[in-house]
Amino acid sequence: MQPHLQIRCIRPQVYAYCLSAGGNSFVHTETTLESLERCLWDACDALGHYFSSVQISLEGQPLGSYGVALIQRNAPALARQLRARFLITRERQARPLSIVSAT
């Protein structure tokens, strides 16, 4: 069983998260955190030695699975990567499909 970290932005530079495993929420914080980096670190600190990796979603968009130890060591770099992946995926979803005829 791999936990799922769901992060949402409440307003600019204010984040909240929810951790769940197997569909059941086991940690939920209403505490506002000042950065995405802090949110990542705080959530992984809560995971402690219990899990080696975590699935991460930002604003409901799945962004992949990451090692807890890696996140704790380098939350700022991962936050930059997650923001970039979020924006790229969001842009792809917003583009209308164009059909080109092969005639």
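The values are calculated or read from the model by the stated rules, or taken from the named source; none is laboratory data. Because the structure is predicted, anything quoted here is derived from the model rather than measured. Backbone-built Cβ (ideal geometry, glycine too); neighbour counts: all protein chains shown.
Before moving on, here are some points about what is shown:
- Of all residues in region 42-57 being within 11 Å of the chain's Cα centre (by Cα) and in a strand (DSSP E or B), the one that is surrounded by the most Cβ atoms within 10 Å (Cβ to Cβ): Ile56
- Qualifying residue in region 36-55 (condition: modelled with pLDDT under 85 and of a type in the set (A, V, I, L, M, F, W, C)): no
- Where a residue in region 30-56 is touching a residue at least 40 places away in the same chain (Cβ under 8 Å) and of a type in the set (A, V, I, L, M) and its partner, wherever it lies, is in a loop (DSSP other than H, G, I, E, B) and buried (at least 17 other Cβ atoms within 10 Å of the Cβ), with Cβ under 6 Å and at least six apart: Val54/Pro3
- Test: residue in region 58-65 that is surrounded by 14 or more Cβ atoms within 10 Å (Cβ to Cβ) and more than 18 Å from Leu87 (Cα to Cα): no
- From Tyr15, Tyr66, residue being modelled with pLDDT of 95 or more and either out of contact with any Phe, Trp or Tyr (no Cβ under 9 Å at 6 or more places or on another chain) or not in a strand (DSSP E or B) (or both): Tyr66
- Residue match in region 70-79 (condition: modelled with pLDDT of 90 or more, hydrophobic (A, V, I, L, M, F, W, C), more than 25 Å from Met1 (Cα to Cα) and not in a strand (DSSP E or B)): yes
- Candidate set: region 81-103, residues that are surrounded by 12 or more Cβ atoms within 10 Å (Cβ to Cβ) and closer than 24 Å to Glu34 by Cβ; chosen: the one modelled with the lowest pLDDT: Arg90
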